[in-house]
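Below are the structure tokens for one structure; questions will follow.
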Amino acid sequence: MRIEHNFDLSGHNTFGMKVRCACFVEYESLAELSGLDFDSLPKPFKHIGEGSNLLFTGDFPGTILHSAIRKIKYVDMGLDELSVVVGAGVRWDALVEELCSHELWGAENLSLIPGEVGAAAVQNIGAYGVEFKDLVSGVSCFDMQERRSCKFTAAECGYGYRDSVFKNSGGRYIVISALLRVSRKPRPRLDYKGLEGIDASSPAKVREAVIQLRRSKLPDPSETGNAGSFFKNPVVSALDFTRIADAAGSSEVPHYVLPDGFIKVPAAWLIDQCGFKGETCGGAAVWQKQPLVLVNATGDATPEDILELERRITALVHEKFGVRLSPEVEHIGDI
Ligand code: EPU
């Protein structure tokens, strides 16, 4: 167990914000976490993963918790299925790489997504037509309110688009491990634009194609600070969609009709139409190849630079299309 005070969080957020927290606690087991003397630690508590989907908007006055539970255990379910119990502190992409190297199908479309398994379970990460919820059979947590461990079935996790019961619990549930189901039998999912026609002879081949696709569009956080998609893709009613189409004039609005009749519009397209590609504010910028991503372009961007870009984008997209974008990246801090 590691407990540090007045801790520098620069290495714990992929945006590279130079912020500190009053206390940082990293634990290696459920026993270590449940044995913590929470009353003696600065409040509030906030649990983070790799810090790849958050923006610290200032110094954090409380305790940042981080899991170093990094066990991976395989349970053979017979036939073609395998269950894998994965600790919350395992790096998501290291897990995907391992599964692919064992010729196990299921996670390959989620290759190269930054972050750890715990955050993947909270956030229901998704890419190229697959979401975390498609793999999960259960999640084990620590309940901060009752101070005991508890389990959720996949249905009880309440998964939606980048959403779960954990995300809406106000920090009550800390993910300890996730139980995932993977398959020996090939089950490629290649319907997403860019994956059609690729070599899908093994999960490793699909992984390769996904990595190539992501690298062509998204900045590598180890080179340019960022937290992936900064905004969610808005889901609008048919009526609102007509308004967007009217505002778009002659340009055709890309969209996906969801099973419930609502319509998902790519935020990247809305932002692009407002001319934001490459826009800068202090050290922050809108990524040229994918304007849904805001970056710490100079390495010295401040939280305020990013927040100002966010404000400009939200205001102009709203003015032009009547759509209010909501951030996908979680904002943490006290500004
Ligand atoms: N587009 C533009 N201009 C651009 C780029 C994109 O107009 O410069 C439009 C195009 O119409 C394109 C559409 O946006 O077809 C969608 O773009 P893309 O396929 O790149 O996906 P996205 O909807 O922007 C989502 C996820 C990504 C995930 C990709 C691939 C969200 C908020 N983002 O992005 O997830 O990798 O799909 O599945 O749902 C993340 O969550 O951090 C993330 C990167």
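The values are calculated or read from the model by the stated rules, or taken from the named source; none is laboratory data. None of these values were measured; they are calculated from a predicted model. Cβ atoms come from the backbone with ideal geometry, glycine included; neighbour counts cover every protein chain shown. Only protein heavy atoms, including side chains, enter the accessible area calculation; ligands, DNA and RNA are left aside. Shrake-Rupley method; radii C 1.70, N 1.55, O 1.52, S 1.80 Å.
For the condition open to solvent by 20 Å² or more (accessible area, probe 1.4 Å) and farther than 25 Å from ARG214 by Cα, what is the one hit in GLU279, GLU330, GLU319?
GLU319
Let me ask something else. Just one of (1) open to solvent by 40 Å² or more (accessible area, probe 1.4 Å); (2) part of a strand (DSSP E or B); (3) farther than 19 Å from PHE132 by Cβ trips up LEU179, so point out which.
(3)
Can you tell me which of (1) more than 22 Å from the chain's Cα centre (by Cα); (2) within 16 Å of the ligand (Cβ to nearest atom) is the one PRO259 doesn't meet?
The failed condition is (2).
Could you look through the range 282-297, keep only residues that are touching a strand residue (DSSP E or B) at 6+ places or on another chain (Cβ under 9 Å) and under 23 Å from SER250 (Cα atoms), and pick out the one that is surrounded by the fewest Cβ atoms within 10 Å (Cβ to Cβ)? Don't jump to the end; show me each part of the working.
To start, the set of residues in the range 282-297 that are touching a strand residue (DSSP E or B) at 6+ places or on another chain (Cβ under 9 Å) comprises 283-287, 290, 292-297.
After this cut, where a residue has to be under 23 Å from SER250 (Cα atoms) as well, the list is 290, 292.
Values: GLN290: 20, LEU292: 24.
So the residue we want is GLN290.
Considering only the range 102-118, I want to know if a residue exists there that is away from the ligand (no atom under 16 Å from the Cβ) and of a type in the set (D, E, K, R).
Within the range 102-118, one or more residues are away from the ligand (no atom under 16 Å from the Cβ) and of a type in the set (D, E, K, R).
Which one of the conditions (1) more than 30 Å from VAL236 (Cα to Cα); (2) exposed (fewer than 13 other Cβ atoms within 10 Å of the Cβ); (3) small (Gly, Ala, Ser) does GLY138 fail to meet, given that it meets all the rest?
Here GLY138 clears every test but (2).
Okay, next question. Suppose we keep only residues that are open to solvent by 20 Å² or more (accessible area, probe 1.4 Å) and under 24 Å from ASN226 (Cα atoms) within the range 97-115. Which one would you say is farthest from the chain's Cα centre (by Cα)?
Here is the first cut: in the range 97-115, the ones open to solvent by 20 Å² or more (accessible area, probe 1.4 Å) are 97-98, 101-103, 112, 114.
Those left that are additionally under 24 Å from ASN226 (Cα atoms): 97, 112, 114.
On the way: GLU97: 18, LEU112: 11, PRO114: 8 Å.
Here the residue is GLU97.
Tell me, please, whether a residue that is in contact (Cβ under 8 Å) with a residue 24 or more places away in the chain, at negative phi, assigned to a loop (DSSP other than H, G, I, E, B) and open to solvent by less than 60 Å² (accessible area, probe 1.4 Å) can be found in the range 241-261.
no
Let me ask another. Take the residues in the range 183-221 that are at pLDDT below 95 and away from the ligand (no atom under 12 Å from the Cβ); name whichever of them is most open to solvent (accessible area, probe 1.4 Å).
My answer is GLU196.
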